[in-house]
Amino acid sequence: MDLTGRWIFREEFDSGKDEGVAILAQAGDRLYGVLDFTEYIENETPFQVKCQLEGKVDGDKVSLEMIDYEIISVEPFEYFPEKREGIINQNGQIVGSSEDEQGVCGVFVFEKEEK
């Protein structure tokens, strides 16, 4: 399955959720792309994150790592990039788990938009 395209992104973690869109390009077993999402944390002002991704595909396994990011927020704060590991399921979704540099874990799904 070629993962090139536009994907709807959702992630849940203990104190909140992320929602956004990813544009991915696959070249062989390598993945590159941009993920643009809004993070909603309980009792905090939502903020937008735009990040560059790099990753790898190995059969049905997918790994993605933030290599650079920009935070769009009205308040200064510390942000911790995360790594994502997942699989391509029978519905063509990428589903898996993430962990940031603080050890906060989440579960995510990327669902490819139909043309």
**OP:** Go through segment 1-52 and tell me which strands (runs of 3 or more DSSP E), entirely inside it, have 2 or more residues that are of a type in the set (A, V, I, L, M) and within 10 Å of the chain's Cα centre (by Cα).
**Re:** 16-27, 30-41
Original post:
Would you pick out the residues in segment 14-23 that are crowded, with 18+ Cβ neighbours inside 10 Å and touching a residue at least 40 places away in the same chain (Cβ under 8 Å)?
Top reply: D18, A22
**OP:** Taking D18 as the residue in question, decide whether it is at pLDDT below 95, closer than 17 Å to C105 by Cα and not aromatic (F, W, Y).
**Re:** no
**OP:** Name every residue in segment 36-68 that is of a type in the set (S, T, Y) and exposed (fewer than 13 other Cβ atoms within 10 Å of the Cβ), in order of residue number.
**Re:** T45
Original post:
Is it fair to say K50 is in contact (Cβ under 8 Å) with a residue 12 or more places away in the chain, of a type in the set (K, R), more than 22 Å from M1 (Cα to Cα) and in contact with a strand residue (DSSP E or B) (Cβ under 8 Å, 6 or more places away or on another chain)?
Top reply: yes
Original post:
Taking segment 68-85 as the search range and keeping residues that are β-branched (V, I, T) and at pLDDT below 90, which one is nearest to the chain's Cα centre (by Cα)?
Top reply: I72
**OP:** Kindly establish whether G5 is within 22 Å of E99 (Cβ to Cβ) and surrounded by 14 or more Cβ atoms within 10 Å (Cβ to Cβ).
**Re:** no
Original post:
Can you name the strands (runs of 3 or more DSSP E) wholly within segment 69-115 that have at least 3 residues being surrounded by 14 or more Cβ atoms within 10 Å (Cβ to Cβ), out of contact with any Phe, Trp or Tyr (no Cβ under 9 Å at 6 or more places or on another chain) and not small (G, A, S)?
Top reply: 82-88
Subject >> Tally of residues being modelled with pLDDT of 95 or more and either among the aliphatic types (A, V, I, L, M) or within 10 Å of the chain's Cα centre (by Cα) (or both) across segment 99-115 >> reply: 4
**OP:** Would you mind stating whether V57 is modelled with pLDDT of 95 or more and either of a type in the set (A, V, I, L, M, F, W, C) or within 11 Å of the chain's Cα centre (by Cα) (or both)?
**Re:** yes
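The values are calculated or read from the model by the stated rules, or taken from the named source; none is laboratory data. What you see is a predicted model, and the numbers here were worked out from it, not measured in a lab. Here the Cβ is made from the backbone with ideal geometry for all residues, glycine too, and neighbour counts use every protein chain on show.
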